[in-house]
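J.: Once you've had a glance at the structure underneath, I'll fire off some questions.
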Amino acid sequence: MNMMLSVDINDPAAESVVATAVEWAERMGGRLDLVHGEGARYAYEFIDDQAVRKLMEIEADRLRTGDTERLDGLLAGVPEAIRGEARSLRGNLVDTLLETAEDYDLMIVATHGRKGLAHLWLGSVAEQLVRRCSRPLVVLRIPRDEG
């Protein structure tokens, strides 16, 4: 069984989320890939000034290198017997995750379970995935003290 974990590499609970996904993969005899969506973090296409745009592209490349290192570090924590690959996705976060999920038997995603204004401002990727994903989906709750 091929399993995909959508992981926010910048979340303080990322290691805990990966560890929980590892438990799921081991129980189900699956292979676990880690997927990180860049989302709008590097959106600089709207900048017309070419000098500023070039500087932003350079900074985005530097940040991507750090993201890749963090993602690879998380993948290293997955036991070799079930370790798949690490992938970074560009584009609209929910759309790219849904598109990528089509290649997997199961998708795993974590949620903070925010409510009220925090949910209104930050939204919920997990909620959108639950509503739109055509693949089986496991939603992991991040304990409040970890996130």
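The values are calculated or read from the model by the stated rules, or taken from the named source; none is laboratory data. Remember, predicted model here, so these are calculated numbers, not experimental data. Neighbour counts are summed over all protein chains in view; Cβ atoms, including those assigned to glycine, are modelled from backbone coordinates with ideal geometry. Just so you know, the surface numbers come from the protein's heavy atoms only, side chains and all, with ligands and any DNA or RNA stripped out. Shrake-Rupley method; radii C 1.70, N 1.55, O 1.52, S 1.80 Å.
J.: Considering only the range 90-104, state which residues are open to solvent by less than 20 Å² (accessible area, probe 1.4 Å) and within 12 Å of the chain's Cα centre (by Cα).
T.: 94, 97, 100, 101, listed by residue number.
J.: Checking residue 37 against (1) out of contact with any helix residue (DSSP H, G or I) (no Cβ under 6 Å at 6 or more places or on another chain); (2) surrounded by 18 or more Cβ atoms within 10 Å (Cβ to Cβ), only one condition comes out false. Which one?
T.: For residue 37, the failing item is (1).
J.: I've got another one for you. Criterion first (over 25 Å from residue 137 (Cα atoms) and at pLDDT below 85) does residue 51 satisfy it?
T.: no
J.: State whether the residues of the range 59-70 include one that is surrounded by 13 or more Cβ atoms within 10 Å (Cβ to Cβ), modelled with pLDDT of 85 or more, of a type in the set (Val, Ile, Thr) and over 20 Å from residue 139 (Cα atoms).
T.: For the range 59-70, residues surrounded by 13 or more Cβ atoms within 10 Å (Cβ to Cβ), modelled with pLDDT of 85 or more, of a type in the set (Val, Ile, Thr) and over 20 Å from residue 139 (Cα atoms): present.
J.: Find the residue count for the range 29-48, including only residues that are charged (D, E, K, R), modelled with pLDDT under 90 and under 17 Å from the mean Cα position of the chain (by Cα).
T.: The qualifying residues number 2.
J.: Shifting gears a bit: Please verify whether residue 26 is open to solvent by 80 Å² or more (accessible area, probe 1.4 Å), touching a Leu at 6+ places or on another chain (Cβ under 8 Å) and modelled with pLDDT of 95 or more, treating the condition exactly as stated.
T.: No, not satisfied.
J.: Still on this structure, please answer the following. Could you say whether any residue in the range 50-66 is under 25 Å from residue 102 (Cα atoms) and either among the hydrophobic types (A, V, I, L, M, F, W, C) or touching a residue at least 12 places away in the same chain (Cβ under 8 Å) (or both)?
T.: yes
J.: Restricting to the range 111-147, count the residues that are within 15 Å of residue 17 (Cα to Cα), modelled with pLDDT under 65 and open to solvent by 50 Å² or more (accessible area, probe 1.4 Å).
T.: 3
J.: Please go through (1) open to solvent by 10 Å² or more (accessible area, probe 1.4 Å); (2) assigned to a loop (DSSP other than H, G, I, E, B) for residue 78 and return the number of the only condition it doesn't satisfy.
T.: (1)
J.: Could you list, in sequence order, the residues of the range 1-16 that are in a strand (DSSP E or B) and open to solvent by 40 Å² or more (accessible area, probe 1.4 Å)?
T.: The answer is 2, and nothing else.
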